[in-house]
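Any read-out appearing in this document is the output of simple, stated calculations on the displayed coordinates, not a laboratory observation. Bear in mind that the values here come from a model prediction, so they are computed numbers and not experimental data. Here the Cβ is made from the backbone with ideal geometry for all residues, glycine too, and neighbour counts use every protein chain on show.
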């Protein structure tokens with residue numbers, strides 16, 4: 001299997017628990033953009049067990065606290081794409097946590113434009 005999320009070096013991990021780990025996104029949308037990635041290779045959110053979903057919530061809260069203390073954002077955007085038609089490009093579960101520093105959804109402006117361009121030909 002050639003999955004980039006199955007090959008993350010331990011020194012890149014900024015937080016973890018039994019089922020997930022967090023890393024900084026290598027193509028951040030905003031300062032502090034990070035990913036929470038499942039340790040078990042599963043395709044998307046819908047493949048998580050109830051125990052994993054609970055564990056995801058716990059690490060998301062811890063990661064939010066870390067980002068709030070480090071960057072003092074005004075809010076957060078959370079994003080998960082499930083399936084190619086929804087924009088998923090790495091088929092290993094991951095949750096984007098993007099600090100927001102401006103208006104509502106400010107961190108997603110570029111994502112929206114990018115997705116519109118990507119899918120405009122498919123409509």
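Annotations
- For region 54-98, radius of gyration divided by Kirkwood radius, i.e. Rg to Rh on alpha-carbons: 1.04
- Ordering of 62-70, 89-97 by burial proxy (mean other Cβ atoms within 10 Å per residue, highest first): 89-97, 62-70
- Per-pair calculated FRET efficiency, R0 = 22 Å: residue 88 and residue 12 via Cβ, rounded to 0.05: 0.55
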